[in-house]
Amino acid sequence: MDKDKTEEIKSRLEEALKNSTCLKHPVAAVIYDMCGDYVESGWNGPPDFMKHDNCLRKGYPSGKGMEFCPGSHAEARAISKVAEYNEGIKGGTIYLSSWFPCVWCANSIRDAGIKRLVTPDEIYDDVEKKILVKNLRNQTYNFEMAEKLIVGAGIEIIIDKSIKPAYHKNP
């Protein structure tokens with residue numbers, strides 16, 4: 001990927017992160033179509049009409065207490081916004097600001113026909129054996145199943161540290 005495209009993606013991820021209202025772990029996603037043109041962005045957090053100044057999952061570890069969270073994940077929000085405006089993303093690429101999609105977002109990504117997933121974070125301790133890094137294992141988000149869904153659907157996983165946004169919502 002050329003430097004200008006990397007900077008564009010990084011900038012769009014940073015802008016989307018600014019919209020995140022998640023108090024625990026802000027995440028952003030941007031989608032590009034199969035021609036490499038920007039389509040849509042998403043961020044995690046509850047809908048705009050809900051006041052969100054106190055995390056309802058406060059005190060829960062990552063992936064726990066999800067039933068108390070009214071928010072959408074960044075990937076699902078981006079895909080839903082595309083569907084709302086009826087824009088095509090089949091064969092496109094989704095770029096994440098961090099982590100890896102949960103099992104629910106992996107299903108949305110697969111169902112939308114997206115063919116490439118790019119994250120700035122290492123996801124494997126062992127690429128050959130497909131062993132995920134420790135912080136992605138044994139979570140309620142079921143990253144293990146998500147990885148199987150993504151790989152099984154033939155979606156290419158790309159690690160590209162250059163897209164990591166500099167913007168951080170929470171210090």
- When you go through (1) at pLDDT 95 or above; (2) open to solvent by 20 Å² or more (accessible area, probe 1.4 Å) one by one for Val30, which number turns out not to apply? (2)
- Task: Search region 1-18 for residues that are open to solvent by less than 50 Å² (accessible area, probe 1.4 Å) and pair each with any residue that is of a type in the set (Gly, Ala, Ser) when their beta-carbon atoms are under 6 Å apart and the residues are at least 6 apart or on different chains.
- Result: Thr6/Ser162; Leu13/Ala28; Leu13/Ser97; Ala16/Ala28; Ala16/Ser41; Leu17/Ala28; Leu17/Ser97
- Which is open to solvent by less than 20 Å² (accessible area, probe 1.4 Å), modelled with pLDDT of 85 or more and not basic (Lys, Arg), of Ala78, Ala112? Ala78
- Note on the structure: Those residues of region 47-72 which are touching a strand residue (DSSP E or B) at 6+ places or on another chain (Cβ under 8 Å) and either open to solvent by 90 Å² or more (accessible area, probe 1.4 Å) or under 22 Å from Ala112 (Cα atoms) (or both) amount to Pro47, Gly71, Ser72
- Within region 33-46, count every residue that is surrounded by fewer than 20 Cβ atoms within 10 Å (Cβ to Cβ) and among the acidic types (Asp, Glu). 2
- Message: I need a count of the residues in region 115-128 that are in contact with a Ser or Thr (Cβ under 8 Å, 6 or more places away or on another chain), hydrophobic (A, V, I, L, M, F, W, C) and open to solvent by 30 Å² or more (accessible area, probe 1.4 Å).
- Response: 0
- Task: Give region 10-36 a look and list any residue that's among the aliphatic types (A, V, I, L, M), farther than 14 Å from Trp99 by Cα and part of a helix (DSSP H, G or I), or say none.
- Result: Ala16
- Determine which member of the set Val30, Val39 is within 15 Å of Arg77 (Cα to Cα) and under 13 Å from the mean Cα position of the chain (by Cα). Val30
- For Asn107, which of the numbered conditions (1) surrounded by 17 or more Cβ atoms within 10 Å (Cβ to Cβ); (2) modelled with pLDDT of 90 or more fails to hold? (2)
- Query: Among the residues of region 81-102 satisfying the criterion of being of a type outside the set (Asp, Glu) and in a helix (DSSP H, G or I), which is least open to solvent (accessible area, probe 1.4 Å)?
  - Reply: Val82
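The values are calculated or read from the model by the stated rules, or taken from the named source; none is laboratory data. The model shown is predicted, which means the values in this text are computed figures rather than measured ones. Quick reminder, even Gly has a Cβ in these numbers, built from the backbone with ideal geometry, and neighbours come from all protein chains shown. We work out accessible area using only protein heavy atoms, side chains counted, and drop any ligands, DNA or RNA first. Shrake-Rupley method; radii C 1.70, N 1.55, O 1.52, S 1.80 Å.
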